Amino acid sequence: MKIAISTGGGDAPGLNAVIRGAVLAAIHRGWECVGIRRGYDGLLDEDRVVLLDANAVRALAELPSLDELRARLVGLLNAPASRIVGVLQAPAAQVARVLQAFADKQAA
């Protein structure tokens, strides 16, 4: 027996785990499983039909969602800016500490 798995192509949290489970269950029953990329459009193009085996779906359930990937990307993009601000603020903070120490010494 041969089964095909087709999705609409959008992000749906949890769908990767469902696909992985379906493929592993099919393999356990001795069935061949194929995935169809790009939904219905993929049915018309043989290049978008791919064999799904245990190796192909091994890490599928652990892939982060699209929202999580976007959040990670924003974090990566913000990190250099935060570091630059810290580097630019450091000399001013050092000058302020020196001036405060001088003022404290003068007051004593």
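The values are calculated or read from the model by the stated rules, or taken from the named source; none is laboratory data. The structure displayed is predicted, hence computed values, not measured ones. So basically every Cβ, Gly included, is an ideal-geometry build from the backbone, and we count neighbours across all protein chains shown.
Please go through segment 48-57 and pick out each residue that is outside any helix (DSSP H, G or I) and touching a helix residue (DSSP H, G or I) at 6+ places or on another chain (Cβ under 8 Å).
Selection gives Val49, Leu52, Asp53, Ala54, Ala56, Val57.
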Test: residue in segment 68-85 that is in a strand (DSSP E or B), at pLDDT 85 or above and among the β-branched types (Val, Ile, Thr): no
Pair list, Cβ under 7 Å, 6 or more apart: segment 65-79 residue touching a residue at least 40 places away in the same chain (Cβ under 8 Å), other residue charged (D, E, K, R): Ser65/Asp11; Leu66/Asp11
Considering residues of segment 1-14 that are surrounded by fewer than 15 Cβ atoms within 10 Å (Cβ to Cβ) and without any contact (Cβ under 8 Å) to a residue 40 or more places away in the chain only, the residue farthest from Glu68 (Cα to Cα): Met1
Filter result (small (Gly, Ala, Ser) and over 8 Å from the mean Cα position of the chain (by Cα)) within segment 57-70: Ala59, Ala61
Pair list, Cβ < 9 Å and 6+ apart or interchain, from segment 35-49 residues that are closer than 17 Å to Leu15 by Cβ to residues that are part of a helix (DSSP H, G or I) and small (Gly, Ala, Ser): Gly35/Gly42; Ile36/Gly42
Considering residues of segment 25-56 that are within 23 Å of the chain's Cα centre (by Cα) and either of a type in the set (A, V, I, L, M) or not assigned by TED's automatic domain parsing to the domain that holds Ser6 (or both) only, the residue surrounded by the most Cβ atoms within 10 Å (Cβ to Cβ): Leu52
